[in-house]
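Report on the following structure.
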Amino acid sequence: MPSRESMVKELTRLIDESTDPWRKAAFYDDPEVLGLLDELYDRWEQGGKVGIPLDYATDEEIQFLYGKAVNLRPEAEKGVLRKLAKKILPSGEEED
């Protein structure tokens, strides 16, 4: 397993520094990722916003996020696009 520091660097490179908006969307669309990130932002705010939210993650949480980022598949990106299309394209059905 890579070191914590290398996982944070790779996570940052793969997601935050990515120029592919669909990759970012697929990562942030994952409910488990969103739930953990909400917790990390809460911890970060309670810590006076010192550093970055990832500084407040446990080693296991970093490993989890790293695994999600490294294992993103093109299908996940297509899934986000399908969800978006369903929201913005007319379905032909009236809502009650």
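Here, each number is a calculation from the coordinates, and none is a lab measurement. Everything numeric in this text was worked out from a predicted model, so none of it was measured. Methodologically, a virtual Cβ is constructed for each residue, glycine included, from the backbone with ideal geometry; neighbour enumeration extends over all protein chains shown.
Report the local net charge at residue 62: Lys and Arg +1, Asp and Glu -1, summed over other residues whose C-beta lies under 12 Å from its C-beta. Mind dumping the intermediate values first?
Numbers: positive: 4, 9, 68; negative: 5, 10, 55, 59, 60, 61.
So the surrounding residues net to -3.
About the Cα centre of segment 4-84, what is the dipole size in debye to 20, counting +1 per Lys and Arg Cβ and -1 per Asp and Glu Cβ, all else neutral?
The calculation lands at about 380 debye.
Report the calculated FRET efficiency for residue 12 and residue 88 (r = Cβ-Cβ distance, R0 = 22 Å), to the nearest 0.05. Could the numbers behind the result be given before it?
Numbers: r = 30 Å, r/R0 = 1.37.
The value I calculate is 0.15.
Taking the Cβ of each residue in 3, 18 as the centre, tally the other Cβ atoms inside 10 Å and list the residues starting with the fewest. The partial results should precede the final answer.
Values: 3 10, 18 15.
Ranking 3, 18 by Cβ neighbours within 10 Å, fewest first, gives 3, 18.
Fewest to most neighbouring Cβ within 10 Å: what's the order for 62, 88?
Numbers: 62 19, 88 7.
Arranged by neighbour count, lowest to highest, 62, 88 become 88, 62.
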